[in-house]
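Trainee: Sharing a structure here in structure tokens format.
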Amino acid sequence: MINARINDILVQVPDGTTILDAARKVQVRIPTLCKHPDLPPTAACGICVVRIKGSAKMLRACCTPIEEGMDIITHDPEIVAVRRSVVELILSAHPNECLTCGRNGTCELQKLAADFGIREEEFAKHLQEAPRDETTRAVTLEPRKCIKCGRCTEVCQDIQDVWALSLLHRGFETRMAPAGDISLADSPCVKCGQCSAHCPTGAIFEKDDTRTVWNALSNPETHAVVQIAPAVRVALGEAFGYEPGELLTRKTYAVLRRLGFKTVFDTSFGADVCVMEEAAEFEERFRKRPTDLPLITTCCPSWVDFMEKFHPDMIRHFSSCKSPQAMLGALTKTYFVEKHNLDVKRIFNVAVMPCTAKKYEITRAGEMYSSGTQDIDVVLTTRELARMIKQAGIDFRDLPEEDPDHIMGDYAGAGVIFGATGGVMEAALRTAHFFITGSLPASVDITPVRGLDGVKECTMDVKGTKVRIAVAHGLRNVEYVLDRVRESKLKGGEPAYHFIEVMACPGGCIGGGGQPYGVTDEFRRKRAEGLYLDDRKHPVRASHENPHIQQLYGQYLGKPLGKKSHQLLHTKYTARPQYIK
Amino acid sequence: MNMQRPIVFIKDTGATAKRDATREIYTSLLTLLTERGLQDAIQVVRVADIGVYDKGVVAKVLPGGKLYANITPADLPELVEAVLGARDLARLQLTTDPNKQARLVLANCGTIDPDSIDDYIAAGGYEGLRKALTMSPEQVIEEMKASGLRGRGGAGFPTWLKWQLTARQQATPRYVICNGDEGDPGAYMDRSILEGDPHAVLEGMLIGGYAMGSAHGILYIRAEYPLAVTRMEKAIIQARERGFVGERILGSAFSFDFEVRLGAGAFVCGEETSLIASVEGKRGTPRPRPPFPSVKGLWGKPTTINNVETWANVPFILRRGGAAFAAVGTTQSAGTKVFAMTGMIRNSGLIEVPMGISLREIVYDIGGGVASGKPLKAVQTGGPSGGVIPARFLDSPVDYENLGKLGSIMGSGGLIVMDEDNCMVDIAKFYLQFCVDESCGKCAPCRIGTYQLLHYYTKISEGRGELADLDKIRSIGQAMQKASLCGLGQSAANPALSTLRYFEDEYKEHIVNKRCPARKCKALVTYTILPDACKRCSLCMKSCPVKAISGDRTVGYTINQELCIKCGQCYNVCKFGAVKGA
């Protein structure tokens, strides 16, 4: 432990703690624009300067570890003047478009300018003009609003290992753009949107599809159907003053009806379907085609895109299952439409997702049109839904709770934990164990796959076989797992793993790129805890035990991996170039 | 060394004759040598610059480096005898005070053949390494500590401390890097050492490698120095052939090898963390310290980076002992410093002086004073990171602490002498333009600060300045100094802030009276011909490069302001003060 003083207050913190974090222990917030609690310091903004008492020099609090006996001053007139000048310099290169900016109200630069009481522009305006990049369906780049904090490149390169975004050119000409100054669509971008979730300003944001949805909702000819992903219910509340992780499932159903959706489904039901198909697939490979193991999950469209671009040798190990969103989307425009004798052309199918890549997924392959039209018409992120609720003037906090529509709103506990890293694995194992052995695992709570460790490995005894499991989240962590798979293949014999789950975003979907801003590991833990609470509360924990799932298969699909399933619920993969040009 | 054939360098340095007499003297000397059958015994070379000015035809003789000035054809027989050592030629010998300079680092530069390892060894080369290998690594670091050597790259961090930090790390491998990314405009100290005495740099790094338990040396040399690269590569090959580089050096257990890496043209890569990023193949931008490279440097391993001049000092320290080195210079700043002296100075060129020497001695005793004969206005040290020191501080000693107090820095060794024709706004603007071009763009204070400062300087130099701009310059400068991530940004405002500190009146002259007293800010200068003073010699008209001056001897001459490019030629050539520039 380190003993030091901050503003004459004694502080004791573990070795290696930065001055910034140590100051929090004594209730001092040192302002910063570039440091994100999720990321290593980029030391780019220069606002967090502090000094050692008596020294003329200033240090950056974000990246300087506090040392034994240090005597830190975090605020004095000169420090505040320097910070203020730096904020003014950043503002001098930033457009004054707050009122029409997607980050109005959530922008960190705007907040800092407000905190410093900046009332006039001190320095001459020098804007950097650069075109907006709207080439992907998921993420929009607005480089002229970029303050070059480096968070997006840090997360894209170091956390996600995608290297789509970089900082080009030098000095004042420095510009955030895909490497090589190509369009984002032509870059290796996997659309995870972590850049947009970490951007402090309006330089990177989700492609806004709310207008299309408003138009559909106001069209009397249209029957609007919506589904909400598991991770949305534990994060949407943050936009309305709730704590992260607060379970707001039934308020969310209610608000969607108030917005004008006629039918409200739950993606967790799609997850239950996904478990049925994937567990069956695992059982089939486990029994008949052990050389095709490991089976790798494919619920995450960023992971799918990443694999197709960077690891196409793994395609044969990929589950052919579509994601829960896509499965439910296809079932909405087939099963639901047929059952209620509706015109599929009148259905407007919306999915609310914690994810920007889902906007890409709905057109990624021919199988996404299995109903004969595009199965899902529009994907909204959690952030977009929050904006729509505010635009509609709905008092979310005081809404009465409502139930979803049957039967595709009635999910088992297994379906809802899909939103947390390890959740897909846990849900699939509950059912796969049953498919192979005829019984549930000894405990349906498979805790070794839970939590925020980057790679989680464990084994599960299934009928005498030790099933080896790996769960990875954050794309950089995939490398380790796949290397072990390749090593074991080279050696021949036993595969390194039988079953692998990958989620692109740290924490899984609860930490998705479309979730409310400000996510940290603490947020991720709380959001995940909300989902596990929902699971525990459910009388039915395993997907195959969900009577509504049984009804769906009995009435419509037949059996998992059957003909109808293959038509509607499965997809194919293809190696894709990392760079189009 | 004695076997070396004498070389005579010839150059007409002007002042005594109107035309260039280099060729005439050169031919006469060759003829004389042929007559005496000495054409193969003495080599004669015409050079473009000999480092001395206004001394007529000057001859520099190697070995020895003696200078003879104001040579006429009649002096040549005596010169030949002097070259052969047969007589003394004190009558013509140039008496700049040689004792004001102290050549430790440059001792071999220009006196040995840099391509010859034998020359280097004959001059005592690799003795330092031999001695180091008889000592323990700790003893070598102790010797460095005794020498008091501080980093010559500019910041002046004690070299031994850096070495010790690296040596005490557990992690291996460790790296030693030579920072040869010299980039200050007008500076060529490191280039001269790399090109003139490559083995000294290698020997320094070998000693450092031994002291720090490293086996890998990287020479990071800017790609604009192709000759330096060639010479270093050749030197490495020679040293390997002689057993100074490679496995089990000189029969010891110490092994060490070198790799040459070329810089890609970014000034900021002279900053050590950027340099490391560049060597690793990444974007050349700095990263926060700590961790310092000594702890986590290249590839995350302990790394010591010293600049060329620092490494080149090391062999002397080991060969002659730390105390001998510490005896030169001052207590706080031991040894010598090489400066590239340029600007309005009579003898521009590379000099090496003991630390603690006064600026006056440098400018007048070594530099020969201001070339124009006009009063000295200021001296700029430290290049784009340094500040301007006004003439009233001319007696200040040159050392790390004192230059810092004056608002400048030692820097890597640029030294520019300025007279009253230098405009302080213009100088600061020049350096700001440099920093705008060279800012890596990573951190906001430097990226936006340099750009904004340049904006205000352009405004002032074009006559659009306001007094409030001076406060803006000060607050931007303060933010840059305190909040920038690396040395480039922290010091980029120094030229601006130091000129503003010492020459605020000159700024105000630009802003309030819209005048540039030094006639450098073209937008603020108008040249006119005063008819009463004009003797109608027509010299101004003939010298005007754009034919902006018209008239004849009867009506006199006038300047067409539309055409005038404000080059000041007319002003300079007029012998009667009839051209007014204001």
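Every residue, every condition in (1) buried (at least 24 other Cβ atoms within 10 Å of the Cβ); (2) away from chain B (no Cβ under 14 Å); (3) out of contact with any helix residue (DSSP H, G or I) (no Cβ under 7 Å at 6 or more places or on another chain), yes or no:
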| position | (1), (2), (3) |
| --- | --- |
| A:Thr153 | no, no, yes |
| A:Leu168 | no, no, yes |
| A:Thr174 | no, no, no |
| A:Ile182 | no, yes, yes |
| A:Ser196 | yes, yes, yes |
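Trainee: While we're here: For segment B:475-489, name all the residues that are more than 16 Å from A:Phe123 (Cβ to Cβ), more than 9 Å from every other protein chain (Cβ to nearest Cβ) and part of a helix (DSSP H, G or I).
Mentor: Scanning segment B:475-489 gives B:Gly487, B:Leu488.
Trainee: Continuing with the same structure: Could you grab me the full set of residues in segment B:217-259 that are out of contact with any helix residue (DSSP H, G or I) (no Cβ under 8 Å at 6 or more places or on another chain), under 26 Å from B:Glu271 (Cα atoms) and surrounded by fewer than 14 Cβ atoms within 10 Å (Cβ to Cβ)?
Mentor: B:Pro226, B:Glu259, listed by residue number.
Trainee: Of B:Gly349, B:Gly367, B:Gly383, B:Gly356, which residue is surrounded by fewer than 22 Cβ atoms within 10 Å (Cβ to Cβ), at pLDDT below 90 and either not assigned by TED's automatic domain parsing to the domain that holds B:Asp505 or not charged (D, E, K, R) (or both)?
Mentor: That would be B:Gly349, the only listed residue that is surrounded by fewer than 22 Cβ atoms within 10 Å (Cβ to Cβ), at pLDDT below 90 and either not assigned by TED's automatic domain parsing to the domain that holds B:Asp505 or not charged (D, E, K, R) (or both).
Yes/no per residue for (1) crowded, with 22+ Cβ neighbours inside 10 Å; (2) touching a helix residue (DSSP H, G or I) at 6+ places or on another chain (Cβ under 7 Å):
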position: B:Cys109; (1), (2): no, yes
position: B:Glu127; (1), (2): no, yes
position: B:Gln139; (1), (2): no, no
position: B:Arg152; (1), (2): yes, yes
position: B:Gly156; (1), (2): no, yes
position: B:Leu194; (1), (2): yes, yes
position: B:Leu202; (1), (2): yes, yes
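Trainee: So, of the residues in segment A:90-114 that are of a type in the set (Val, Ile, Thr) and more than 14 Å from chain B (Cβ to nearest Cβ), which turns out to be surrounded by the most Cβ atoms within 10 Å (Cβ to Cβ)?
Mentor: A:Thr106
Trainee: Failed condition for A:Val28, given (1) at pLDDT 95 or above; (2) within 14 Å of chain B (Cβ to nearest Cβ); (3) in contact with a strand residue (DSSP E or B) (Cβ under 7 Å, 6 or more places away or on another chain); (4) closer than 28 Å to A:Phe523 by Cβ, with all others met?
Mentor: Of (1) at pLDDT 95 or above; (2) within 14 Å of chain B (Cβ to nearest Cβ); (3) in contact with a strand residue (DSSP E or B) (Cβ under 7 Å, 6 or more places away or on another chain); (4) closer than 28 Å to A:Phe523 by Cβ, only one is false for A:Val28: (2).
Trainee: For segment A:43-61, name all the residues that are within 8 Å of chain B (Cβ to nearest Cβ), at negative phi, in a loop (DSSP other than H, G, I, E, B) and under 32 Å from the mean Cα position of the chain (by Cα).
Mentor: A:Ala44, A:Cys45, A:Ile47
Trainee: Residues to consider are B:Ser372, B:Ser396; find the one that is over 19 Å from B:Leu104 (Cα atoms) and touching a Leu at 6+ places or on another chain (Cβ under 7 Å).
Mentor: B:Ser396
Trainee: Here is a further query. For segment A:389-404, indicate whether the set of residues that are under 18 Å from the mean Cα position of the chain (by Cα), at pLDDT 95 or above and either at negative phi or not in a helix (DSSP H, G or I) (or both) is non-empty.
Mentor: no
Trainee: Does B:Ser461 qualify as being more than 7 Å from every other protein chain (Cβ to nearest Cβ), farther than 16 Å from B:Ile409 by Cβ, crowded, with 19+ Cβ neighbours inside 10 Å and among the hydroxyl-bearing types (Ser, Thr, Tyr)?
Mentor: Judged against the criteria, B:Ser461 is a match.
Trainee: Here's another thing I want to ask about it. Considering every residue within segment B:429-438, establish whether at least one is at pLDDT 95 or above, within 12 Å of chain A (Cβ to nearest Cβ) and outside any helix (DSSP H, G or I).
Mentor: No, segment B:429-438 has no match at all.
Trainee: Please enumerate the residues belonging to segment B:423-466 that are of a type outside the set (Gly, Ala, Ser) and within 16 Å of A:Glu88 (Cα to Cα).
Mentor: Selection gives B:Cys443, B:Pro445, B:Cys446, B:Arg447, B:Ile448, B:Thr450, B:Tyr451, B:Gln452, B:Leu453, B:His455, B:Tyr456.
Trainee: Let me ask another. Any residue at all in segment B:219-242 that's within 24 Å of B:Gln139 (Cα to Cα) and of a type in the set (Val, Ile, Thr)?
Mentor: So far as segment B:219-242 goes, no, none of its residues is within 24 Å of B:Gln139 (Cα to Cα) and of a type in the set (Val, Ile, Thr).
Trainee: What are the residues in segment A:310-362 that are of a type in the set (D, E, K, R), under 25 Å from A:Leu561 (Cβ atoms) and in contact with a His (Cβ under 7 Å, 6 or more places away or on another chain), if any?
Mentor: Selection gives A:Lys322 alone.
Trainee: Working only within segment B:301-347, note down all residues that are among the hydrophobic types (A, V, I, L, M, F, W, C) and assigned to a helix (DSSP H, G or I).
Mentor: B:Val308, B:Trp311, B:Ala312, B:Val314, B:Phe316, B:Ile317, B:Leu318, B:Ala323, B:Ala324, B:Phe325, B:Ala326, listed by residue number.
Trainee: Here is a follow-up. From A:Val455, A:Val444, which residue is assigned by TED's automatic domain parsing to the domain that holds A:Arg525 and without any contact (Cβ under 8 Å) to a residue 60 or more places away in the chain?
Mentor: A:Val455
Trainee: To continue, here is another question. Only one of A:Leu452, A:Leu482, A:Leu490 is hydrophobic (A, V, I, L, M, F, W, C) and closer than 22 Å to A:Asp521 by Cα. Can you tell me which?
Mentor: The unique qualifying residue is A:Leu452.
Trainee: Do we find a residue being of a type in the set (Lys, Arg) and either modelled with pLDDT of 95 or more or part of a helix (DSSP H, G or I) (or both) anywhere in segment B:526-543?
Mentor: Yes, segment B:526-543 contains a residue that is of a type in the set (Lys, Arg) and either modelled with pLDDT of 95 or more or part of a helix (DSSP H, G or I) (or both).
Trainee: Now, a different point. Looking at segment A:471-480, is at least one residue outside the structural domain of A:Asp158 (by TED's automatic domain parsing), assigned to a loop (DSSP other than H, G, I, E, B) and hydrophobic (A, V, I, L, M, F, W, C)?
Mentor: no
Trainee: On to the next question. Hey, could you check segment B:323-342 for residues that are surrounded by fewer than 22 Cβ atoms within 10 Å (Cβ to Cβ) and in contact with a Gly (Cβ under 9 Å, 6 or more places away or on another chain) and say which is nearest to B:Leu106 (Cα to Cα)?
Mentor: Here the answer is B:Val328.
Conditions tested, residue by residue: (1) at pLDDT below 90; (2) of a type in the set (A, V, I, L, M, F, W, C).
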site: B:Ala90; (1), (2): yes, yes
site: B:Lys100; (1), (2): yes, no
site: B:Arg103; (1), (2): yes, no
site: B:Ile112; (1), (2): yes, yes
site: B:Ser116; (1), (2): no, no
site: B:Glu143; (1), (2): no, no
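Trainee: What's the number of the condition B:Glu182 fails, among (1) of a type outside the set (Ser, Thr, Tyr); (2) closer than 30 Å to B:Thr342 by Cβ; (3) outside any loop (DSSP other than H, G, I, E, B)?
Mentor: (3)
Trainee: Any idea which residue in segment A:62-78 is farthest from the chain's Cα centre (by Cα), counting only those that are facing another protein chain (nearest Cβ under 8 Å) and over 20 Å from A:Gly518 (Cα atoms)?
Mentor: So, considering only residues that are facing another protein chain (nearest Cβ under 8 Å) and over 20 Å from A:Gly518 (Cα atoms), the one farthest from the chain's Cα centre (by Cα) is A:Glu78.
Trainee: For B:Lys442, all conditions in the list (1) within 28 Å of B:Phe339 (Cβ to Cβ); (2) of a type outside the set (S, T, N, Q); (3) within 12 Å of chain A (Cβ to nearest Cβ); (4) in contact with a Lys or Arg (Cβ under 8 Å, 6 or more places away or on another chain) hold save one; what is the number of the exception?
Mentor: That leaves (1) as the condition not met.
Trainee: So, one more: Among the residues of segment A:63-113, write down those that are assigned by TED's automatic domain parsing to the domain that holds A:Gly16 and touching a Pro at 6+ places or on another chain (Cβ under 6 Å).
Mentor: Scanning segment A:63-113 gives A:Cys63, A:Val86.
The values are calculated or read from the model by the stated rules, or taken from the named source; none is laboratory data. Note that the structure is a prediction, hence the values are computed from the model and not measured. Cβ sites come from the backbone with ideal geometry, for glycine too, and all protein chains shown count toward neighbours.
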